[in-house]
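One structure below.
The values are calculated or read from the model by the stated rules, or taken from the named source; none is laboratory data. Remember, it's a predicted structure, so these values are computed and weren't measured experimentally. Glycine also receives a Cβ, built like all others from the backbone with ideal geometry; neighbour counts cover every protein chain displayed. The protein model used for the area step is the full one, side chains on, heavy atoms only, and it has no ligands, DNA or RNA in it. Shrake-Rupley method; radii C 1.70, N 1.55, O 1.52, S 1.80 Å.
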Amino acid sequence: MRSIDANDISALAGLLQSCSDFVIVIHTHPDGDAVGSGCALQEFIASVPGKKVRVITPDAPPFTLDFLCEGRDFLDASAKPAEAAALIAGCDALICLDFNAFRRTEGLAPLLAASPARKVLIDHHLNPERDAFELCFSCTEVSSACELLYEVLKALPQVGGDVCKLPPFSRYALMTGMTTDTNNFANSVYPGTLRMAGELLQAGVDRDDILDRLYRQDRPQKLHAFADLLGSHLEILPGGIACIYMSEAMKAAYGISEGETEGLVNIPLSLAEVRMSIFAREENGVIRVSLRSKPGLSANELAARFFHGGGHTLASGGKIFIPDDISSESGARDYIAAAAARFLQDEGGPEK
Ligand SMILES: [Mn+2]
């Protein structure tokens, strides 16, 4: 990771000191990195007397992350839109974590753009919307927003590089988010990621507890759904593109929730022939798409060109809209197959 600009750190330190009413915003369908970074920063700011700090999530975090956010001052904007709007308009400072552009918060985007608050971004996705922020900490050579936030917090004068000066819950939440975004150290691991893990372990973070809560608390229906999805719904398209499609009816039949499908998209990458894995599922009339690729193929490019999305080179997300992209849900599989074929054709073209 490039070193963090000392002027940006001074500016952030000044902002943390002069503002008293903070709102932290994370992306829609919040994952462990979004919730973890949100919790960690909230705890850090709240540890200073006189500071108010709320975390706003555009929609509810999955129940699988209850162990992080339950009992904390989180506001689900989809359940309390008026309260969220008032907080965003009325706070002194807005700190956006784990997303690169306001549109990643969907309905909150116009409120964030219109807010007179001072705005800070701390994020690790490609192409950050720098102009929308007074201060922008953006780096893609880190595992996670949690890792970048960790480095930023460590650099603040009040922490002075001493990890033990971070509140214990911040350390725990940062380790959790980094663990989920690296898929438990399977991808996006940099030298700094392992340094962070080492320092946090040294500072007393209980990693066994994190692993237990993240990976050893599944309900049986999750395994049943995974068995069916991998056994009967996995298709290997030409060129080594794995595709899994899950309808809303299937999700309902197994009684699983969105958070429980976390990690499924990575599994087909274990096949030697697979170069990219796509997991698509229907949700409230939209098809949500997760993409993971092996080095040499860009999930980000496919997501940006065909699925209105993006993210990281090897891990991205997007959507297929009805009726803009396909006339009905039943067209999703063919749309994905056609997108993959065109993408591979262009990849293999003479200009690349
Ligand atoms: Mn992230």
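Applying both filters, DSSP loop and at most 12 other Cβ atoms within 10 Å, to the trypsin sites (Lys or Arg not before Pro) of segment 1-81 gives R2. Just how far, in whole angstrom, is segment 58-75 from segment 241-305 if you go by their alpha carbon centroids? Comparing the Cα centres of segment 241-305 and segment 58-75, I get a distance of 23 Å. If only the Cβ of Lys and Arg carry +1 and only the Cβ of Asp and Glu carry -1, the dipole of segment 96-225 around its Cα centre is close to 200 debye.
Considering only C39, G255, G71, the residue lying farthest towards the positive end of the dipole of the chain is C39, judged by Cα position with unit charges set on Cβ.
Rounded to the nearest 0.05, what FRET efficiency do V159 and H224 have when you use their Cβ-Cβ distance and R0 = 56 Å?
Plugging the Cβ-Cβ distance into 1/(1 + (r/R0)^6) gives 0.75.
Counted over all Cα-Cα pairs of segment 234-339, pairs farther apart than 18 Å make up 44 percent.
Full extension of the chain between A114 and Q17 yields a length gain of 32.6 nm, computed as 0.36 nm times the residue separation minus the alpha carbon distance. Highest mean packing comes first when the peptides 311-318, 123-130 are listed by Cβ atoms within 10 Å, giving 311-318, 123-130. In the distance distribution for segment 60-122, Cα-Cα pairs more than 19 Å apart total 35 percent. Three principal axis extents of segment 6-215 based on alpha-carbon atoms, in descending order, are 41, 37, 35 Å. In percent, rounded to a whole number, the relative contact order of segment 9-123 is 30, using alpha-carbon pairs under 8 Å and six or more apart. Calculated mean residue ellipticity, 222 nm, the chain: -11500 deg cm²/dmol, from DSSP H runs (n ≥ 4) at -39500 (n - 2.57) each, averaged per residue and rounded to 500. Rounded to the nearest Å, what's the spacing between the alpha carbon centres of segment 134-154 and segment 15-44? Just the number, please. Each part reduced to its Cα centre gives a spacing of 13 Å.
For segment 246-305, applying the loop criterion from DSSP together with a ceiling of 14 other beta carbons within 10 Å to the trypsin sites (Lys or Arg not before Pro) yields no site.
The smallest convex shape that holds all Cα atoms of the chain, its convex hull, gives 145 Å³ per residue.
Placing +1 on each Lys and Arg Cβ and -1 on each Asp and Glu Cβ, with no other charges, gives the chain a dipole about its Cα centre of roughly 320 debye.
In summary, the lysines within cross-link reach of K251, defined as a Cα separation below 21 angstrom excluding same-chain residues under 8 places away, comprise K222, K319. Antiparallel beta bridges, as assigned by DSSP with both residues in the chain, represent about 45 percent of the total such bridges.
Charge tally around L149: other residues with Cβ under 10 Å, Lys/Arg +1 each, Asp/Glu -1 each, net -4.
Solvent exposure of the chain amounts to 43 Å² per residue of accessible area, where only protein heavy atoms count and the probe is 1.4 Å. Counting charges near H308 (Lys, Arg +1; Asp, Glu -1) among other residues having Cβ under 14 Å from its Cβ returns a value of +1.
Modelled spin-label separation between L75 and A132, with each label point placed 7 Å from Cα along the Cα-to-Cβ direction: 1.9 nm. Positive contributions from Lys and Arg (+1) and negative ones from Asp and Glu (-1), summed over other residues with Cβ under 15 Å from the Cβ of M246, come out at -3.
Could you work out what % of the accessible surface of the chain is carbon and sulfur, using a 1.4 angstrom probe and leaving DNA, RNA and ligands out of the count? Heavy-atom surface of the chain belonging to carbon and sulfur, 1.4 Å probe: 52 percent. Applying both filters, DSSP loop and at most 11 other Cβ atoms within 10 Å, to the GluC sites (Glu not before Pro) of segment 34-120 gives E70. Here's the picture: charge each Lys and Arg Cβ at +1 and each Asp and Glu Cβ at -1 in the chain, and of Y215, N7, A89 the one pushed furthest to the positive end of that dipole is N7.
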